[in-house]
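Structure record follows, encoded as structure tokens.
The values are calculated or read from the model by the stated rules, or taken from the named source; none is laboratory data. On a predicted model such as this, the values are computed, not experimentally measured, just so you know. Here the Cβ is made from the backbone with ideal geometry for all residues, glycine too, and neighbour counts use every protein chain on show. The accessibility values were calculated without ligands, DNA or RNA, using every heavy atom of the protein model including side chains. Shrake-Rupley method; radii C 1.70, N 1.55, O 1.52, S 1.80 Å.
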2 protein chains.
Amino acid sequence: MTRVRADLMISLDGIAATDDATPESPFGEDWARLTEHYVATKSFRERVFGDTSGEGTTGLDDEWHQRYFEGVGAEIMGAGKFGLHAYPDDPDWRGWWGDTPPFRYPVFVLTHRELPPIEMQGGTTFHFINASPTDALAIAADAAGSADVRIGGGPTSLRPYLAAGLVDELHVAITPIVLGRGIRLWDDLRHLERDYQVSSVTAPSGVIHVTFTRG
Amino acid sequence: MTRVRADLMISLDGIAATDDATPESPFGEDWARLTEHYVATKSFRERVFGDTSGEGTTGLDDEWHQRYFEGVGAEIMGAGKFGLHAYPDDPDWRGWWGDTPPFRYPVFVLTHRELPPIEMQGGTTFHFINASPTDALAIAADAAGSADVRIGGGPTSLRPYLAAGLVDELHVAITPIVLGRGIRLWDDLRHLERDYQVSSVTAPSGVIHVTFTRG
């Protein structure tokens, strides 16, 4: 049966989307600090950078990154995560991930804009849909077949799914830094934990991995 | 040399002071959930409830609670934590902690009101001072002698000390619940971690203990 999963990286103060990007630094310094441990893992380097040198960290952060794509058959992401807000006027924008994105499955980008699908190398196709969270989930679940659906974020796109009880497993990697600006994950999610088993474990990198699993 | 220490219990969304107290439930349900693991420890029960039965949890949460008072010679707390906001018109208000508060040292309550000191049983005296954070710290450090000063909270009182770099060790116990309302600790503390070594460990209770120690 299709499960709905989400993984986010957040700071101690719950910031999941940073806001200090500039033309010179399109992700921003805060994003770099938030994701440093993931980008350093062996499996991230392989899957996202295509680095086959075998370099990168192993251990808990790496194990989590391996699970990130494992068993996922389709993904839903917000327009901001895809980059439509950063590059609204670029007709050739094809996401942040180069010619061969790491997804290798259909990705449904939530947007009010009508855009044709973009078929990338390696099995990823970006579809642009104007749909409610529930309708988007039905579309993605259909595409995923028996595999899982990931709600890829950012936090603004993920929060309605969490609030509606539609997420079966939430994994949050907390980087022990205080950002103080950006978009927070936890807003308006009072009592989220009540429908889940929650467990936490700390990686040698200092990152705290918290999982909410439906009981 | 006097060190300045602080310990707070917060939720995953950083709430350190809850706001659902009622006349019937003077601490509120949220506070009970936030502090459940501490109240359950053997050392809390001994020190705060005077329970000498030996009952209560041991292990990491208990170790942290033992350190809570260890080596502290004076404490600074906000008027809200003492209870002056909840009971502003009660001339006999003497705090939440009964006749024999667990502090056993001078406690300096920050308030604009002029109130005489209250000497309690067991070594605790509440002094009421109208002072800036820095001036209050000088007063408390003088009272503590060579022992440590605790900034007892709540978050609104603690934050200026953290922002000014006056805290040597911050211990935060994160209870894995989402409260969604109350006063957040982390606001306006961007880059707090830069002056500290940060480490994290998870207790069997599910509580995540994060410590900021000045390098």
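A:ARG3 - would you say it is under 24 Å from A:ASP142 (Cα atoms) and charged (D, E, K, R)?
Yes, satisfied.
Residues B:ARG113, B:ARG47, B:ARG104: which one is open to solvent by 40 Å² or more (accessible area, probe 1.4 Å), out of contact with any helix residue (DSSP H, G or I) (no Cβ under 7 Å at 6 or more places or on another chain) and of a type outside the set (S, T, N, Q)? Spell out the reasoning first.
Numbers: B:ARG47 fails: out of contact with any helix residue (DSSP H, G or I) (no Cβ under 7 Å at 6 or more places or on another chain); B:ARG104 fails: out of contact with any helix residue (DSSP H, G or I) (no Cβ under 7 Å at 6 or more places or on another chain).
Exactly one residue qualifies, and that residue is B:ARG113.
Need the failing condition index for A:MET77 against (1) open to solvent by 20 Å² or more (accessible area, probe 1.4 Å); (2) modelled with pLDDT of 95 or more; (3) not acidic (Asp, Glu), just the number.
All conditions pass for A:MET77, except number (1).
When you look at A:ASP99, is it free of Cβ contacts under 8 Å to residues at least 12 places away in the same chain and either assigned to a loop (DSSP other than H, G, I, E, B) or surrounded by fewer than 18 Cβ atoms within 10 Å (Cβ to Cβ) (or both), yes or no?
Against the criterion (free of Cβ contacts under 8 Å to residues at least 12 places away in the same chain and either assigned to a loop (DSSP other than H, G, I, E, B) or surrounded by fewer than 18 Cβ atoms within 10 Å (Cβ to Cβ) (or both)), A:ASP99 does not qualify.
Within the range A:144-158, track down each residue that is surrounded by fewer than 20 Cβ atoms within 10 Å (Cβ to Cβ) and aliphatic (A, V, I, L, M).
Scanning the range A:144-158 gives a single hit, A:ALA147.
Among the residues of the range A:159-186, count how many are surrounded by fewer than 17 Cβ atoms within 10 Å (Cβ to Cβ), of a type in the set (A, V, I, L, M, F, W, C) and within 13 Å of chain B (Cβ to nearest Cβ).
Within the range A:159-186, residues that are surrounded by fewer than 17 Cβ atoms within 10 Å (Cβ to Cβ), of a type in the set (A, V, I, L, M, F, W, C) and within 13 Å of chain B (Cβ to nearest Cβ) number 1.
Let's see how each residue does on (1) under 30 Å from B:ALA138 (Cβ atoms); (2) assigned to a strand (DSSP E or B); (3) open to solvent by less than 70 Å² (accessible area, probe 1.4 Å); (4) of a type in the set (Gly, Ala, Ser):
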| position | (1), (2), (3), (4) |
| --- | --- |
| B:ALA16 | yes, yes, yes, yes |
| B:ALA21 | no, no, yes, yes |
| B:PHE27 | no, no, no, no |
| B:ARG33 | no, no, yes, no |
| B:SER43 | no, no, yes, yes |
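Considering the range A:192-206 alone, what residues qualify as being over 21 Å from B:ALA32 (Cα atoms) and more than 8 Å from chain B (Cβ to nearest Cβ)?
A:ALA203, A:PRO204, A:SER205
Using beta carbons and a limit of 7 Å, which pairs, at least six apart or on different chains, have the first residue in the range B:47-59 and under 17 Å from B:ASP99 (Cα atoms) and the second one open to solvent by less than 60 Å² (accessible area, probe 1.4 Å)?
Filtered contacts from the range B:47-59: B:ARG47/B:PHE69; B:ARG47/B:PRO102; B:VAL48/B:PRO102.
Report whether or not B:LEU189 is of a type outside the set (D, E, K, R), closer than 18 Å to B:GLY78 by Cβ, at the interface with chain A (Cβ under 7 Å from one of its Cβ atoms) and out of contact with any Asp or Glu (no Cβ under 7 Å at 6 or more places or on another chain). Give the steps one after another, and end with the answer.
Details: of a type outside the set (D, E, K, R): yes; closer than 18 Å to B:GLY78 by Cβ: yes; at the interface with chain A (Cβ under 7 Å from one of its Cβ atoms): yes; out of contact with any Asp or Glu (no Cβ under 7 Å at 6 or more places or on another chain): yes.
So B:LEU189 fits the description; yes.
Against the conditions (1) outside any loop (DSSP other than H, G, I, E, B); (2) more than 8 Å from chain B (Cβ to nearest Cβ), where does A:SER146 fall short? Just the number, please.
With respect to (1) outside any loop (DSSP other than H, G, I, E, B); (2) more than 8 Å from chain B (Cβ to nearest Cβ), A:SER146 is out only on (1).
Please go through (1) within 14 Å of another protein chain (Cβ to nearest Cβ); (2) farther than 30 Å from A:GLU29 by Cβ for A:PRO106 and return the number of the only condition it doesn't satisfy.
A:PRO106 satisfies all of (1) within 14 Å of another protein chain (Cβ to nearest Cβ); (2) farther than 30 Å from A:GLU29 by Cβ except (1).
Can you tell me which residues in the range B:189-201 are at pLDDT 95 or above and either surrounded by fewer than 16 Cβ atoms within 10 Å (Cβ to Cβ) or under 20 Å from A:ARG181 (Cβ atoms) (or both)?
B:LEU189, B:ARG190, B:HIS191, B:LEU192, B:GLU193, B:ARG194, B:TYR196, B:GLN197, B:VAL198, B:SER199, B:VAL201
Please pick out the residue among A:GLY180, A:GLY152, A:GLY165 that is assigned to a strand (DSSP E or B) and out of contact with any Ser or Thr (no Cβ under 8 Å at 6 or more places or on another chain).
Among A:GLY180, A:GLY152, A:GLY165, only A:GLY152 is assigned to a strand (DSSP E or B) and out of contact with any Ser or Thr (no Cβ under 8 Å at 6 or more places or on another chain).
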